[in-house]
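First comes the structure, then the notes that go with it.
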Amino acid sequence: MYESFYGLKTKPFALLPDHDFLYPGSTHRAAYSLLEYGLINEAPFMVFTGDPGMGKTSLLQKLVAEHGTKHTIGLVTNARYDVEHLLPWILLSLGLSKHKLDPVEAYHVFSEFLTHEAKQNRRVILIIDEAQSLGSDLLEELRLLSNLNDGKTLKLQIILSGQPDLHTLLRRIDMTQLAQRIVVDYHLDPLSEEETGMCIRHRIQVAGGHPSLFTDKACALVHRLTRGNPRLINQVCDVALTYGYAEQARVITSKLVAQAAFDRSKGG
């Protein structure tokens with residue numbers, strides 16, 4: 001709606017994760033560097049956490065895009081503690097099975113796949129998104145699957161991504177054996193006020209617009225309203241652009257941001 005008015009090729013603040021728009025702030029750079037460090041140094045388990053909306057999925061997308069040709073990567077999403085076994089979800093994520101297999105057959109298929117990929121000098125990387133939803137039993141299943149690694153060759157690496165509750169789960173006494181195998185552990189922090197402004201300008205520039213579309217005061221207010229949460233930044237900025245278009249305003253001011261946020265807050 002407002003794209004052509006502001007000279008944008010696409011919406012800069014869409015809520016769907018898109019690693020092309022990911023702003024490389026200090027916390028996201030550190031998280032991504034540690035994930036790459038874990039891949040290179042063959043960490044059996046890696047963990048990174050963050051509050052909802054912090055950009056975890058975008059970072060995972062970037063990792064898949066940049067390392068998916070060298071390694072075989074499976075992304076498991078929406079698996080919950082109430083499923084009986086995690087392995088069928090893993091096979092599905094790797095394109096190995098579309099039908100439900102019994103546990104013994106599923107284990108055999110997965111083990112043979114790991115061996116085949118290792119012979120091709122390809123490591124299998126499992127990314128478990130929203131891992132805090134798995135519960136202790138399914139996390140223990142992952143630990144047992146990691147035993148398929150032998151002493152000479154690391155065939156399987158596992159990345160657990162989730163909300164802060166994941167750390168609470170991993171601190172449990174019955175999770176000690178898994179926790180001892182975690183080499184990389186990082187928590188995403190919110191963006192600072194300066195980074196929030198840079199994030200806004202970065203996304204506008206990627207979308208083809210002028211980076212000064214939002215004034216400095218508007219960016220500062222966005223940070224105060226969102227506390228540096230990237231998803232909330234996108235929400236506020238998208239509504240502010242809609243309000244700016246409605247008023248035919250060429251620049252988004254703090255007044256427009258405040259009005260947009262106030263009207264949105266009335267709906268909860």
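The values are calculated or read from the model by the stated rules, or taken from the named source; none is laboratory data. These numbers were taken from a predicted model, which means no experiment stands behind them. As a convention, Cβ positions derive from the backbone with ideal geometry for all residues, glycine included, and neighbour counts pool all protein chains shown. For the accessible areas, the whole protein counts, side chains as well, though only heavy atoms, and no ligand, DNA or RNA atoms are used. Shrake-Rupley method; radii C 1.70, N 1.55, O 1.52, S 1.80 Å.
When we screen Leu191, Leu178 for residues that are of a type in the set (A, V, I, L, M) and either in a helix (DSSP H, G or I) or out of contact with any Gly (no Cβ under 9 Å at 6 or more places or on another chain) (or both), the only hit is Leu178. The residues listed here are Ser97, Ser93, Ser111; of these, the one that is among the small types (Gly, Ala, Ser), at pLDDT below 90 and open to solvent by 30 Å² or more (accessible area, probe 1.4 Å) is Ser93. With respect to the conditions (1) surrounded by fewer than 13 Cβ atoms within 10 Å (Cβ to Cβ); (2) hydrophobic (A, V, I, L, M, F, W, C); (3) farther than 30 Å from Arg231 by Cα; (4) modelled with pLDDT of 90 or more, Val104 lacks only one, and its number is (4). Scanning segment 187-197 for any residue that is of a type in the set (Val, Ile, Thr), surrounded by fewer than 18 Cβ atoms within 10 Å (Cβ to Cβ) and more than 20 Å from Val47 (Cα to Cα) turns up nothing. Please indicate, with yes or no, whether at least one residue in segment 238-248 is part of a helix (DSSP H, G or I), touching a residue at least 24 places away in the same chain (Cβ under 8 Å) and among the small types (Gly, Ala, Ser). Yes, because at least one residue in segment 238-248 is part of a helix (DSSP H, G or I), touching a residue at least 24 places away in the same chain (Cβ under 8 Å) and among the small types (Gly, Ala, Ser). Tell me, yes or no, whether segment 63-86 has at least one residue that is open to solvent by less than 30 Å² (accessible area, probe 1.4 Å), over 20 Å from Tyr32 (Cα atoms) and free of Cβ contacts under 8 Å to residues at least 60 places away in the same chain. Scanning segment 63-86, I find at least one residue that is open to solvent by less than 30 Å² (accessible area, probe 1.4 Å), over 20 Å from Tyr32 (Cα atoms) and free of Cβ contacts under 8 Å to residues at least 60 places away in the same chain, so the answer is yes. In segment 26-36, the condition of being in contact with a helix residue (DSSP H, G or I) (Cβ under 8 Å, 6 or more places away or on another chain), modelled with pLDDT under 95 and part of a loop (DSSP other than H, G, I, E, B) is met by no residue. When Leu126, Leu145, Leu154 are screened for being touching a residue at least 40 places away in the same chain (Cβ under 8 Å) and part of a helix (DSSP H, G or I), only Leu145 passes. Looking across segment 208-220 at every residue that is open to solvent by less than 20 Å² (accessible area, probe 1.4 Å) and modelled with pLDDT of 95 or more, the one that is nearest to Phe5 (Cα to Cα) is identified as Leu213.
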